[in-house]
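Only one structure is covered here, and it is reproduced in the block below.
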Amino acid sequence: MGLLLVRKLVRASITVLLLVTAVFLILRASGDPAVMMLGVEVSPVALENFRDRWGLNDPVWVQYVIYLKSLAQGDFGRSYIGDRSAWDVVAERLPATLILMVSATVLAVVAGVLAGVLAALNRNSWIDRLVMIIAAAGFSAPNFVLGIFLIVLFGAIWQILPTTGSDTFWHGVLPVLTLASADAAVFARFTRSAVLETLNQPLMRTALAKGVPYRAAVLRHALPNSAIGLVTVFGLFVGRLVSGAVVTENVFAWPGVGSLLVLSVENRDFAVVQTIVILIGITMVCANLLVDLSYLWLDPRTRRTRSRT
Amino acid sequence: MERLLEVAQLRVSFPSESGPVSPVEDVSFDVHAGEIIGLVGESGCGKSLGALALMGLAGPTATVSGSARYGGIDLVTAPQKELERLRGRDIAMIFQDPLSTLNPIMTIGAQIAEALHLGAERRQSSQQIQKTCVSLLSEVGLPQPAARLRAYPHELSGGMRQRAMIAMMLAREPALLIADEPTTALDPTVQAQILALLKRLRQQRGAAILLITHDFGVVAQTCDRIAVMYAGRIIETAPVEDIFFRPRHPYTAGLLRARASLGGGERPLEPIPGIVPPPGGRPKGCSFEPRCALARPECRLSAPLLTGDAHKFACHAPLPARYSRPAEPARSLAWPVA
């Protein structure tokens, strides 16, 4: 168990290191931050000063080693804009994103699981078809299309909900709805098939044969067994907590990490982009770890078996 | 003898593209209180489905007709609520492979306790429940029963799992236990132990057992009476000695001849030619007619009815009553049972 955890952590760190390296190289190959920050009209001396100031004239591998060194000390570098710590720049945006994503994920899981269970229990009825049609629609509409559709509907035509910013609770409604709809659709589909599968398993027949009422048999026997398969899907959602809202945040001008990422890529603000990517990577890796651990907790068959006599 | 369950003309049909298909066509038999009755037939003849239909578990798409009277209730027409109350309390069922039929993520103890809670008139303390669980598990011969309560199904061997399953189903002291191929997935020695356990439980608790199997060896060492099924119908039913020594239906006789014998190795195996007709493609007359050496013209015209008193059979051309092909004395089938 302990060994397993260590092995998983080592593998996770290698993943993050590879991610950092790739982002580092791609960013340096993609444009000159001096030009992006200062513009093309400034004197070559100013550009040269900027490059000197940020160490951009060093060979790439030297920059890389310096970056890794400071990273190891918990220093994520500094943003070219305002010369602030990149970590601070990202961290102040983080709560907005997390509020959005956590509410959207909770909503998606609750709605998706309920809809999926309902569809499975009423297989081939109108309820099932309705849920699956809505799910297919929610799944196929890209977030920016749905987001703009909602803005037009609630912001322009009915004018009952704000569409930009994050000042009040009401500002969050549309972005959360946008994010949750696609995820809920995915969850509904997976839940439906997982529940249908367990309903047909012999363990369900056994529960009924010993006298458990149908509803209780579904709740106590079928659903917990279906849940095991859903953990992986849930893990994917948790892994996207930081990265999942990039498009939606930009559509609704939500001041989170996602809109910061787009802005920083445009400005070639290396340190900030790298910090965000590392954060996304770590979230993903942690989510995977969580999935593995919850399997151990949920499914006794994955635990090491006790003496078998 | 007191009749516990009277099944008459039980039929189970499913819709299909070419009209309804009935894997179980016409099943009639009685179960007497405290007896072990064997329901024998080749796989696919409808034995399991018929038993599931009795418990109202044939599935949502099945249409069940006929009657199955149990203590003033007709199991075929009873509402689901009523069947729900009946299941586990009056009639319980064990299955072939307890690895897939027990809940893999619940401990053995929790699964037995669930059955006990269902039967309890008022809430029992958890210590009380646990004590009952332990005594149930030791009754079915599970070693270290207290430790086994915390075990998951995959942590037990096949025989242990089947014992745990039996304990769970006996928790509410049903009057009838349906055992659907309970030993098919087990090693022969374990098989004999489980059968001995069923016999012992019948004696101690007086529960009747409907033992479904394709294995004549299993019925020989366990059952009081046998009902032989072929293509969705009961074709012969009689006390166990009559079936083994004086079979009247050619199919029964054929099944007995097709068995490998343990004692007399000199007798060659005689398989029954042909295959069992599928539910959709059964002949109009006797289902066994195409494979029967004794078939007469009338066998093609109408399906024979199950007639007789203690020894019933459904055949237009039965074997003579005196016929006594020494179909393997029952004792040679018995394993040395502890």
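The values are calculated or read from the model by the stated rules, or taken from the named source; none is laboratory data. In this text the structure is predicted, and so the values were computed from the model without any measurement. For neighbour counting, all protein chains shown are included, and Cβ atoms are generated from backbone atoms with ideal geometry for every residue, glycine included.
Considering only residues that are outside any strand (DSSP E or B) and closer than 12 Å to residue B:184 by Cβ, which ones fall in region B:88-106? Spell out how you get there, then give the answer.
The first filter runs over region B:88-106 and keeps only residues outside any strand (DSSP E or B), leaving B:88-90, B:95-106.
The answer is B:95, B:96, B:97, B:98.
Does region A:107-127 hold any residues that are surrounded by fewer than 18 Cβ atoms within 10 Å (Cβ to Cβ) and either free of Cβ contacts under 8 Å to residues at least 24 places away in the same chain or of a type in the set (D, E, K, R) (or both), and which are they?
A:110, A:114, A:122, A:123, A:124, A:125, A:126, A:127
Quick one: how many residues across region A:215-233 are more than 7 Å from every other protein chain (Cβ to nearest Cβ) and under 28 Å from the mean Cα position of the chain (by Cα)? Quick ask: steps written out before the conclusion?
Of all residues in region A:215-233, those more than 7 Å from every other protein chain (Cβ to nearest Cβ) come to A:215-220, A:222-223, A:226-233.
Applying the additional criterion that residues be under 28 Å from the mean Cα position of the chain (by Cα) yields A:223, A:226-233.
Summing the residues that are more than 7 Å from every other protein chain (Cβ to nearest Cβ) and under 28 Å from the mean Cα position of the chain (by Cα) in region A:215-233 gives 9.
Please report, ordered by residue number, the helices (runs of 4 or more DSSP H) entirely within region B:194-297 with at least 2 residues that are more than 27 Å from residue B:97 (Cβ to Cβ). Step through it out loud before you land on a result.
Working: elements: B:216-222, B:240-245, B:250-257.
Per the criteria, B:240-245, B:250-257.
What pairs come out if I take residues in region B:302-314 that are in contact (Cβ under 8 Å) with a residue 24 or more places away in the chain and pair them with residues that are among the aromatic types (Phe, Trp, Tyr) and surrounded by 20 or more Cβ atoms within 10 Å (Cβ to Cβ) whose C-beta lies under 6 Å away, six or more apart or interchain?
Pairs that qualify, where the first residue is in contact (Cβ under 8 Å) with a residue 24 or more places away in the chain and the partner is among the aromatic types (Phe, Trp, Tyr) and surrounded by 20 or more Cβ atoms within 10 Å (Cβ to Cβ): there are none.
Which residues, taken from region B:65-84, are within 10 Å of residue B:54 (Cα to Cα) and not in a strand (DSSP E or B)?
Matches in region B:65-84: B:75, B:76, B:83.
One residue is enough: does region A:240-260 have a residue meeting the conditions surrounded by fewer than 21 Cβ atoms within 10 Å (Cβ to Cβ), among the basic types (Lys, Arg) and under 30 Å from residue A:60 (Cβ atoms)?
The answer is no; no qualifying residue exists.
Which of the residues that make up region B:91-109 are more than 9 Å from chain A (Cβ to nearest Cβ) and modelled with pLDDT of 90 or more?
Listed by number, the residues that qualify are B:108, B:109.
Please determine, by comparing only the residues of region B:85-133 that are under 30 Å from residue B:50 (Cα atoms) and among the β-branched types (Val, Ile, Thr), which one is surrounded by the fewest Cβ atoms within 10 Å (Cβ to Cβ).
Here the residue is B:105.
I'd like to verify a number: residues in region A:74-92 that are exposed (fewer than 12 other Cβ atoms within 10 Å of the Cβ) and closer than 23 Å to residue A:35 by Cβ, how many?
Of region A:74-92, the ones exposed (fewer than 12 other Cβ atoms within 10 Å of the Cβ) are A:74, A:82-83.
Of the ones still in play, those that are also closer than 23 Å to residue A:35 by Cβ are A:82-83.
Total satisfying the criteria: 2.
Restricting region B:15-54 to residues that are within 19 Å of residue B:97 (Cα to Cα) and among the aliphatic types (A, V, I, L, M), which is farthest from the other protein chains (Cβ to nearest Cβ)?
B:40
Look at residue B:146 and say whether it is part of a helix (DSSP H, G or I) and more than 11 Å from every other protein chain (Cβ to nearest Cβ). Please lay out each step first, then the result.
Numbers: part of a helix (DSSP H, G or I): yes; more than 11 Å from every other protein chain (Cβ to nearest Cβ): yes.
Here the answer is yes, as residue B:146 does meet what is asked.
For residue A:15, only one of the following conditions fails: (1) touching a Leu at 6+ places or on another chain (Cβ under 9 Å); (2) over 21 Å from residue A:266 (Cα atoms); (3) among the polar types (S, T, N, Q). What is its number?
That leaves (1) as the condition not met.
Which of (1) of a type outside the set (Lys, Arg); (2) within 14 Å of another protein chain (Cβ to nearest Cβ); (3) crowded, with 16+ Cβ neighbours inside 10 Å is the odd one out, the single condition residue A:163 does not satisfy?
Here residue A:163 meets the rest and fails (2).
It is to be established whether one or more residues within region A:218-238 are touching a residue at least 40 places away in the same chain (Cβ under 8 Å) and within 27 Å of residue A:163 (Cβ to Cβ).
Yes, that holds for at least one residue.
Among the listed residues A:233, A:272, A:242, identify the single one that is at pLDDT below 90 and assigned to a helix (DSSP H, G or I).
On the way: A:272 fails: at pLDDT below 90; A:242 fails: assigned to a helix (DSSP H, G or I).
Going through A:233, A:272, A:242 in turn, just one is at pLDDT below 90 and assigned to a helix (DSSP H, G or I): A:233.
Among (1) farther than 13 Å from residue B:7 by Cβ; (2) hydrophobic (A, V, I, L, M, F, W, C); (3) within 11 Å of another protein chain (Cβ to nearest Cβ), there is one condition residue B:62 misses while meeting the rest; what is its number?
(3)
Among what's in region A:48-73 and is out of contact with any Asp or Glu (no Cβ under 9 Å at 6 or more places or on another chain) and polar (S, T, N, Q), pick the residue that is surrounded by the fewest Cβ atoms within 10 Å (Cβ to Cβ).
Among those that are out of contact with any Asp or Glu (no Cβ under 9 Å at 6 or more places or on another chain) and polar (S, T, N, Q), it is A:73.
Look through B:252, B:183 and report the one residue that is under 14 Å from the mean Cα position of the chain (by Cα), among the β-branched types (Val, Ile, Thr) and buried (at least 22 other Cβ atoms within 10 Å of the Cβ). Even if it seems obvious, please write down each step before you answer.
Numbers: B:252 fails: under 14 Å from the mean Cα position of the chain (by Cα).
Exactly one residue qualifies, and that residue is B:183.
Please list, ordered by first then second residue, the pairs with beta carbon atoms under 8 Å, 6 or more apart or interchain, first in region A:29-53 and hydroxyl-bearing (Ser, Thr, Tyr), second in a loop (DSSP other than H, G, I, E, B).
Hits for this filter: A:30/A:268.
How many residues are over 21 Å from the mean Cα position of the chain (by Cα), within 30 Å of residue A:252 (Cβ to Cβ) and part of a loop (DSSP other than H, G, I, E, B) when one looks only at region A:49-98?
8
For region B:110-134, which positions are within 14 Å of chain A (Cβ to nearest Cβ) and assigned to a helix (DSSP H, G or I)?
Result: B:110, B:111, B:112, B:113, B:114, B:115, B:116, B:117, B:118, B:119, B:133.
What number of residues within region A:187-214 are more than 10 Å from chain B (Cβ to nearest Cβ), closer than 18 Å to residue B:60 by Cα, among the hydrophobic types (A, V, I, L, M, F, W, C) and surrounded by fewer than 24 Cβ atoms within 10 Å (Cβ to Cβ)?
2
May I ask you to say which residue of B:76, B:64, B:31 is surrounded by 18 or more Cβ atoms within 10 Å (Cβ to Cβ) and either closer than 20 Å to residue B:170 by Cα or in the same structural domain as residue B:288 (by TED's automatic domain parsing) (or both)? Reasoning before the result, please.
Numbers: B:76 fails: either closer than 20 Å to residue B:170 by Cα or in the same structural domain as residue B:288 (by TED's automatic domain parsing) (or both); B:64 fails: either closer than 20 Å to residue B:170 by Cα or in the same structural domain as residue B:288 (by TED's automatic domain parsing) (or both).
Just one listed residue meets the conditions, B:31.
From the list B:234, B:209, B:178, B:166, which one is buried (at least 23 other Cβ atoms within 10 Å of the Cβ) and farther than 23 Å from residue A:205 by Cβ? Quick ask: steps written out before the conclusion?
Values: B:209 fails: farther than 23 Å from residue A:205 by Cβ; B:178 fails: farther than 23 Å from residue A:205 by Cβ; B:166 fails: farther than 23 Å from residue A:205 by Cβ.
Of the residues listed, the single one that is buried (at least 23 other Cβ atoms within 10 Å of the Cβ) and farther than 23 Å from residue A:205 by Cβ is B:234.
All but one of (1) modelled with pLDDT under 85; (2) closer than 16 Å to residue A:273 by Cβ hold for residue A:26, so report the exception by its number.
Residue A:26 satisfies every listed condition except (1).
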